[in-house]
Amino acid sequence: MPAQPAHDPEDPHLWLEDVTGERALEWVRAHNGPTVDEFAGDEFEAMRTAAREVLDTDARIPYVRRRGEYLYNFWRDADNPRGLWRRTTSESYRTDSPQWDVVIDLDALARTDGENWVWGGANVIEPDHTRALISLSRGGSDAVVVREFDMAAREFIGPDGQGFELPEAKTRIGWEDHDTVLVGTDFGADSLTESGYPRMVKRWRRGQDLAQAETVFTGSATDVVVAAGRDRTPGFERTLVSRAIDFFNDEVYELRGLPGQQELIRIDAPTDASVSVHRQWILIDLRTDWDTGTASYRAGSLLAADYDEFLAGTAQCSVVFEPDAHTALNHYAWTRDRLVLVTLHDVASRVEIVTPGDWTRRPVDAVPANTNTVIAAADDTGDEIFLDSSGFDRPSRLLHGPVDGPLTEIKSAPAFFDAEGLTVNQYFATSKDGTAIPYFVVRPAAATGATLLGGYGGFEVARTPGYDGVLGRLWLARGGTYVLANIRGGGEYGPGWHTQAMRAGRHLVAEDFAAVATDLVNRGITRVDQLGAVGGSNGGLLMGIMLTAYPELFGALVCQVPLLDMRRYHLLLAGASWVAEYGDPDDPQEWEFISKYSPYQNISADAAYPPILITTSTRDDRVHPGHARKMTAALQEAGHRVAYYENIEGGHGGAADNAQAAFKSALSFSFLWRMLGTPD
């Protein structure tokens, strides 16, 4: 289609962007009902029950974070659907039945307050852990209410008691000291960026009216977000301020001096690098090549230097990690005196322990081969680490121990489905430009041919092998084959795997996914009429592109909390923050390439589309539900078959509790089995 400016003729379905408007919600209810009626039969109920058992079982691993002498965990189950914030000791945690001390019962709090609270996290003051800033979301939205909590008295401190309390907003807040916080929130006119996040940080003292708080830093309206945080590590106290120019570029400063006489000192690393500071060290994770004038470093490298020397311009950077054609840095975390690295080698995890100073690395042999291993927790004030390791056919194992000592398995998750005879193989498809695209095929012994292909392809998010009990029960155990595509746009092979698929390169994401779909059929793993695909958020955009540009490759699609109208995405909720990823539709040159794939603008009444289920959440305040609503309306208007379901709660995850998550999963798999063929 010819390129069109983003402001061209008024969208006939624009009224569906009115998130809570009665007319729009009537439309939602009118579409939810038929979808539930069609797909919520006996098999749906069996799958919903099976999913709920996985999500609610007490046999799950309770993952923890150390705060002082206690290990803290947030837990949901059938009796506590909203959840418990609780703690236990190290000794008790290592037993089969830890004794948990409940700090906050969110279900009880929701009943008392008459609110649909969803846990948003706890910011506990370090290192004494006497107070916490608790974030509570209504229905799962990104916007939260913040309330101060007394950890000893186990009670919230209201404003009358001079506690810190903030109304609903996309707040960023942290402790500067016991009586002071650094906060970015909705302060009123001109206090938010175009993306809807804070554009200024203030120093707010206990008992002070928020309007009187001292402004520490103000960014531009076109920034994504501005935030500040205080590192309270004894001997290394410092305040850092960050300004996100766009989704991938940040300016980071240290704030020095006394209040009223403070100066901002720029940490002069590349803006597209990730910068972190621990004790005397600074780490710089490069997204693009960097030439300092005295040395050159490759994109994907992790550099380290003495922090004070780096600010003074006298530091020599050490290369902690450098990528190769098969290996990329995935994530890392500090203990007090060691750095833990997780890398991906052709999408399989490797873990290494790094000694600062000489930056020597040694492998952690306890990590199984061909699995996904993540740092579940690391104690940056001590020496312990928790590693979680799992595979498509291997439930999670939690490894624990001193960072320089042997790690032992202290907990394991149950098997939620029979993996006997299940095979896991990695293949490579050839994309349109000749690039080899890896993908995993997880296939049960009694495979029916029905195959589900998953993908994301954006924001440098790596999709890695891992155990999924719900997928196992509702799909694999019933004879379905699952495929995970490691397409460009992700971070499986480092930042270059992502950057080549940004903006004008976005077509590579779809070409890679289509290549995998084609390769599955060519290998005889499935047929087109038995091949389904699923994706959410950015992956939902991918599903929209598959529908409108590659409909001949699929028998069914599931599109969750999606972006679909790329002409208006930057005007809706947090959409402006993603212009660095997708491009600016108000720029005619950029709309030229965006218009070629934007699903909402490329619907054809003449094409034969596979059936599609589109789901979203009214409470999603990140990706606007209008995308899903308008796409559904336009598809139906063009005569296509589309099922639609919108959860009134749930936020960007699509579900506010385990019951809603089980319903959403059962609905999706019920749709897929109906469209791709029920198991024998």
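Worth pointing out:
- Yes/no for VAL146 being more than 18 Å from the chain's Cα centre (by Cα) and in a strand (DSSP E or B): yes
- Test: LEU166 is in contact with a strand residue (DSSP E or B) (Cβ under 8 Å, 6 or more places away or on another chain) and open to solvent by less than 20 Å² (accessible area, probe 1.4 Å): yes
Condition check ((1) of a type outside the set (Asp, Glu); (2) farther than 18 Å from GLU646 by Cα) across all residues:
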position: LEU541; (1), (2): yes, no
position: MET546; (1), (2): yes, yes
position: TYR550; (1), (2): yes, yes
position: PRO562; (1), (2): yes, no
position: ALA576; (1), (2): yes, yes
position: VAL579; (1), (2): yes, yes
position: ASP584; (1), (2): no, yes
position: TYR597; (1), (2): yes, yes
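- Among the candidates ASP190, ASP209, ASP223, the residue that is open to solvent by 30 Å² or more (accessible area, probe 1.4 Å), under 20 Å from ASP621 (Cα atoms) and without any contact (Cβ under 8 Å) to a residue 40 or more places away in the chain is uniquely ASP190.
- When SER577, SER595 are checked against the criterion of being small (Gly, Ala, Ser), more than 24 Å from the chain's Cα centre (by Cα), surrounded by fewer than 22 Cβ atoms within 10 Å (Cβ to Cβ) and within 25 Å of PHE247 (Cα to Cα), SER595 stands alone in meeting it.
- Residue count for the range 519-531, restricted to those that are within 17 Å of GLY457 (Cβ to Cβ) and surrounded by 24 or more Cβ atoms within 10 Å (Cβ to Cβ): 1.
- Listed here are the helices (runs of 4 or more DSSP H) enclosed by the range 459-554 that have at least 1 residues being of a type in the set (Lys, Arg): 469-474.
Results for (1) in a strand (DSSP E or B); (2) buried (at least 17 other Cβ atoms within 10 Å of the Cβ); (3) without any contact (Cβ under 8 Å) to a residue 40 or more places away in the chain; (4) in contact with a Gly (Cβ under 8 Å, 6 or more places away or on another chain), shown as yes or no for each residue.
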{"position": "PRO259", "(1), (2), (3), (4)": "no, no, no, no"}
{"position": "ASP272", "(1), (2), (3), (4)": "no, yes, yes, no"}
{"position": "ILE282", "(1), (2), (3), (4)": "yes, yes, yes, no"}
{"position": "THR288", "(1), (2), (3), (4)": "no, no, no, no"}
{"position": "GLY293", "(1), (2), (3), (4)": "no, no, yes, no"}
{"position": "ASP308", "(1), (2), (3), (4)": "no, no, yes, no"}
{"position": "GLN316", "(1), (2), (3), (4)": "no, no, yes, no"}
{"position": "ALA328", "(1), (2), (3), (4)": "yes, yes, no, yes"}
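- The requirement of being within 30 Å of ALA46 (Cβ to Cβ) and aromatic (Phe, Trp, Tyr) is not satisfied by TYR493.
- The residue list THR355, THR381, THR371, THR360 contains one member that is farther than 28 Å from LEU484 by Cβ, at pLDDT below 95 and polar (S, T, N, Q), which is THR381.
- Picking from residues in the range 252-273 that are farther than 15 Å from PHE310 by Cβ and of a type in the set (D, E, K, R), the one that is modelled with the lowest pLDDT is GLU263.
- Residues that are surrounded by fewer than 17 Cβ atoms within 10 Å (Cβ to Cβ) and touching a Phe, Trp or Tyr at 6+ places or on another chain (Cβ under 9 Å), drawn from the range 16-31: GLY21, ARG23
- Hits in the range 53-104 - residues which are closer than 20 Å to ASP379 by Cα, surrounded by fewer than 17 Cβ atoms within 10 Å (Cβ to Cβ) and charged (D, E, K, R): GLU69, GLU91, ARG94
- Of all residues assigned to the range 343-350, at least one qualifies as being surrounded by fewer than 19 Cβ atoms within 10 Å (Cβ to Cβ), closer than 29 Å to GLN280 by Cα and not assigned by the TED database to the domain that holds LEU476.
- Test result for LYS411, charged (D, E, K, R), part of a strand (DSSP E or B) and out of contact with any Gly (no Cβ under 7 Å at 6 or more places or on another chain): yes
- All of VAL516, VAL442 fail the test of being over 21 Å from SER396 (Cβ atoms) and either open to solvent by less than 30 Å² (accessible area, probe 1.4 Å) or under 21 Å from the mean Cα position of the chain (by Cα) (or both), apart from VAL516.
- ALA501 meets each of the listed conditions (1) buried (at least 24 other Cβ atoms within 10 Å of the Cβ); (2) within 14 Å of TYR582 (Cβ to Cβ); (3) under 17 Å from the mean Cα position of the chain (by Cα) apart from (3).
- Within the range 330-342, the set of residues being assigned to a strand (DSSP E or B) and open to solvent by 10 Å² or more (accessible area, probe 1.4 Å) comprises ASN330, HIS331, TYR332, ALA333, TRP334.
- Residue identified as open to solvent by less than 10 Å² (accessible area, probe 1.4 Å) and part of a strand (DSSP E or B) among VAL558, VAL623: VAL558
- Any hit, the range 148-159, residues being in contact (Cβ under 8 Å) with a residue 24 or more places away in the chain, surrounded by fewer than 17 Cβ atoms within 10 Å (Cβ to Cβ) and not small (Gly, Ala, Ser): yes
- Looking across the range 347-390, the residues that are over 19 Å from TYR93 (Cα atoms) and of a type in the set (Asp, Glu) come down to GLU352, ASP358, ASP365, ASP380.
The values are calculated or read from the model by the stated rules, or taken from the named source; none is laboratory data. Fair warning: this is a prediction, and the values are worked out from it, not measured in the lab. Glycine also receives a Cβ, built like all others from the backbone with ideal geometry; neighbour counts cover every protein chain displayed. The accessibility values were calculated without ligands, DNA or RNA, using every heavy atom of the protein model including side chains. Shrake-Rupley method; radii C 1.70, N 1.55, O 1.52, S 1.80 Å.
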